[in-house]
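Enquirer: Okay, here's the structure, questions in a sec.
The values are calculated or read from the model by the stated rules, or taken from the named source; none is laboratory data. All of these numbers come straight from a predicted model, not from anything done at the bench. Cβ atoms come from the backbone with ideal geometry, glycine included; neighbour counts cover every protein chain shown.
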Amino acid sequence: MLGLTALLDQVETWILDVAASLWIYPAMFASAFIDGFFPPVPSESVLVTLVISAEATGVPWIWLIAPIAGVGAWLGDQVAYLIGRRFGTERIGMLRSARGRKAVSWARRALSRRGAVFIIAARYIPVGRVAVNMTAGAVGYPQRRFMTFSGIAAVLWVAYSTAIGLVAAEALGHDPLLAMVVGVVGGGVLGLLVDRVVQVFTPREEVLEEMREHAPLPTERTPAAEDAAR
């Protein structure tokens, strides 16, 4: 038990030392930028962790790290849009998987009916975000409108992540490492909730239509299809 405690203390010290380095600012930018078109990079977790560190120790500076994250996120979204416009979604490896195809189908429906709302909401859903942004480029969604709505999404995303970090730091300020873990997990759970809410408000008829569109042969609506769409 003492060994685990010592290890956790070392991890906490290392994280706080890294957060105090000037390199953390370009690292935050790179994380948010790459996350725009490569979802395995966890920019939300990085931002929440740095906000908690800032609240606990004073470094890094929140007023600098937050806008850096926002600019990086917005630019990453533009790259995703341009990739979709240049290559489409079928040539993107991570979007050819079963999960990726499902995300693209969802993105097409969303953009055709409620583009602005879904571009903003998708920022909180890692794979959904990339699918929506690349699909927006692939289907020719107006670029200026995309730039505007993705900018709004980036600002709200920074505010949301910062708020999670501040709440976790306030509640668990005596233990920065625990606050970081709680903040990161809490952010992930909220992202999943946003994903679920978006799915709930996507009409069931659209799901059935998409299933028929991608079926190998024309099919009539069956009880099995109805059950699959639930």
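Enquirer: Looking only at region 176-186, decide whether some residue is at pLDDT below 70, closer than 26 Å to residue 81 by Cβ, part of a helix (DSSP H, G or I) and not aromatic (Phe, Trp, Tyr).
Expert: No, there is no match, as no residue in region 176-186 is at pLDDT below 70, closer than 26 Å to residue 81 by Cβ, part of a helix (DSSP H, G or I) and not aromatic (Phe, Trp, Tyr).
Enquirer: Checking residue 137 against (1) surrounded by 24 or more Cβ atoms within 10 Å (Cβ to Cβ); (2) touching a Lys or Arg at 6+ places or on another chain (Cβ under 6 Å), only one condition comes out false. Which one?
Expert: Among (1) surrounded by 24 or more Cβ atoms within 10 Å (Cβ to Cβ); (2) touching a Lys or Arg at 6+ places or on another chain (Cβ under 6 Å), the lone unmet condition for residue 137 is (1).
Enquirer: Next question. Take region 28-64 and flag every residue that is β-branched (Val, Ile, Thr) and either assigned to a helix (DSSP H, G or I) or closer than 16 Å to residue 166 by Cα (or both). Even if it seems obvious, please write down each step before you answer.
Expert: Residues of region 28-64 that are β-branched (Val, Ile, Thr), as a first pass: 34, 41, 46, 48-49, 51-52, 57, 59, 62.
34, 46, 48, 49, 51, 52, 57, 59, 62, listed by residue number.
Enquirer: Check region 71-87 and report whether any residue there is in a helix (DSSP H, G or I) and modelled with pLDDT under 75.
Expert: Keep residues of region 71-87 that are in a helix (DSSP H, G or I), which gives 71-87.
Pick out the ones that are also modelled with pLDDT under 75 and you get none.
Within region 71-87, none of the residues are in a helix (DSSP H, G or I) and modelled with pLDDT under 75.
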